[in-house]
Amino acid sequence: MASGEHYEPYEQLAPALLRSELRGKVALVTGGGYGIGRSIAQSFAEAGVARIILIGRTETKLKDTANDLSASFQEIDVVTMVADITSKEDVQHIFESCTKYAPDILINNAGYLSTPAEFLDADFDDYWNSFMVNVYGTMLFTQSFLRHRKAYVEAAENSGNTPSPAVVVTVNSMGAFLSMPKFSSYCSNKLALARWTELLSIEIPEEFARFVSVHPGAVDSSMGNKSGMIDQIKSGAAQLSLTNPKLTGDFIVWLTSRDAEFLNGRFVSVNTDIELLLSNKKEIIEKGMYSIRLSQ
Ligand SMILES: NC(=O)c1ccc[n+]([C@@H]2O[C@H](COP(=O)([O-])OP(=O)(O)OC[C@H]3O[C@@H](n4cnc5c(N)ncnc54)[C@H](OP(=O)(O)O)[C@@H]3O)[C@@H](O)[C@H]2O)c1
């Protein structure tokens with residue numbers, strides 16, 4: 001391990017350590033049928049949540065992931081819902097279907113990378129589609145999640161119960177902070193999401209919900225390959241390491257734990273060692289670290 005960084009899963013992050021804390025929880029993962037979302041769902045299953053809801057547009061992939069999880073974790077209810085997160089009707093339908101329970105955890109993982117191109121050459125519809133999925137879709141989905149959660153909390157409080165705070169983890173990208181030619185759509189829309197996460201954490205009481213942005217590492221997925229980054233890492237042209245998607249899933253599950261509450265509003269990377277984060281907790285809070293600042 002160099003300078004507190006990890007690329008493979010490690011003991012302290014084992015999802016099974018959170019079984020008692022996450023027992024009974026409902027976790028919803030957008031883009032849960034394949035790619036990084038599938039690994040996130042697998043880690044939540046290992047953490048023993050009660051129900052996992054997988055959202056995506058491709059039914060066959062959602063079903064494959066659900067069947068694999070159900071075969072290994074028979075006690076967990078795995079639900080799939082075909083939906084495009086940019087469709088108001090689809091998103092409304094999802095939350096109207098959650099009548100007997102409310103998701104406690106939302107993982108905004110679904111995303112789209114426009115074909116890398118310089119701004120002058122980019123096909124504008126493709127360029128803008130990354131804003132549609134990453135910004136419009138993620139914000140629309142989150143607003144519906146929070147409204148549904150609010151109604152659920154009010155009903156529970158009327159019956160004398162106080163549900164624990166919801167957690168919203170939004171999968172972001174270190175690209176938001178890097179100067180990457182040909183990625184101006186993706187990098188700028190991810191930066192918008194990071195700032196939005198900060199603002200929601202200020203606006204919404206943490207007793208109701210908390211929010212965190214996370215860089216999932218460089219993961220060998222279809223998007224990772226589309227970016228060209230995976231080939232560059234494999235050929236040695238980029239001085240980076242690939243991240244095992246199990247580490248990504250395990251870290252994201254940890255972000256939903258009480259230990260990670262102090263990261264509300266912040267941007268963290270799955271590659272950072274959790275002991276390092278925990279031991280620097282006071283400094284992180286006092287100095288406003290892992291947040292966006294204008295340097296001037
Ligand atoms: N891979 C990396 O190295 C890397 C690095 C930094 C950040 N990220 C971020 O990590 C997240 C996951 O990326 P990935 O690498 O797993 O990408 P991926 O392999 O392309 O998977 C994208 C996922 O999002 C779903 N999705 C896309 N558009 C959707 C829509 N409109 N409605 C519902 N679901 C939609 C896809 O399912 P359907 O096609 O079935 O809808 C799929 O499950 C993204 O937010 C990405 O920006 C990835």
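The values are calculated or read from the model by the stated rules, or taken from the named source; none is laboratory data. Only a predicted model underlies this, so the values are computations on that prediction, with no experimental measurement involved. Glycine gets a Cβ as well: all are built from the backbone with ideal geometry, and neighbour counts include every protein chain shown.
Things to note:
- For residue 21, the conditions (1) in a helix (DSSP H, G or I); (2) free of Cβ contacts under 8 Å to residues at least 24 places away in the same chain; (3) of a type outside the set (A, V, I, L, M, F, W, C) all hold with the exception of (2).
- The single condition among (1) of a type outside the set (Gly, Ala, Ser); (2) without any contact (Cβ under 8 Å) to a residue 24 or more places away in the chain; (3) more than 25 Å from residue 89 (Cα to Cα); (4) within 16 Å of the ligand (Cβ to nearest atom) that residue 212 does not satisfy is (2).
- Looking only at residues of the stretch 216-247 that are of a type in the set (Val, Ile, Thr) and near the ligand (Cβ under 8 Å from one of its atoms), we find that the one that is nearest to the chain's Cα centre (by Cα) is 219.
- Condition met for residue 211 (of a type in the set (A, V, I, L, M, F, W, C), in a strand (DSSP E or B) and crowded, with 19+ Cβ neighbours inside 10 Å): yes
- Checked against (1) free of Cβ contacts under 8 Å to residues at least 60 places away in the same chain; (2) out of contact with any Lys or Arg (no Cβ under 9 Å at 6 or more places or on another chain); (3) surrounded by 22 or more Cβ atoms within 10 Å (Cβ to Cβ), residue 49 passes all but a single condition, namely (2).
- Contact annotation: residue pairs with Cβ atoms under 6 Å, 6 or more positions apart or on different chains, pairing a residue in the stretch 240-265 that is in a loop (DSSP other than H, G, I, E, B) with a partner that is among the polar types (S, T, N, Q), are 264/201; 265/201.
- When residue 155 is tested against (1) away from the ligand (no atom under 16 Å from the Cβ); (2) of a type in the set (A, V, I, L, M); (3) surrounded by fewer than 19 Cβ atoms within 10 Å (Cβ to Cβ); (4) under 21 Å from residue 135 (Cα atoms), only condition (4) is not met.
- Residue in the stretch 215-233 that is surrounded by fewer than 17 Cβ atoms within 10 Å (Cβ to Cβ), at pLDDT 95 or above and under 27 Å from residue 102 (Cβ atoms) present: no
- Single condition residue 28 does not satisfy, out of (1) crowded, with 24+ Cβ neighbours inside 10 Å; (2) over 16 Å from residue 145 (Cβ atoms); (3) within 13 Å of the ligand (Cβ to nearest atom): (2)
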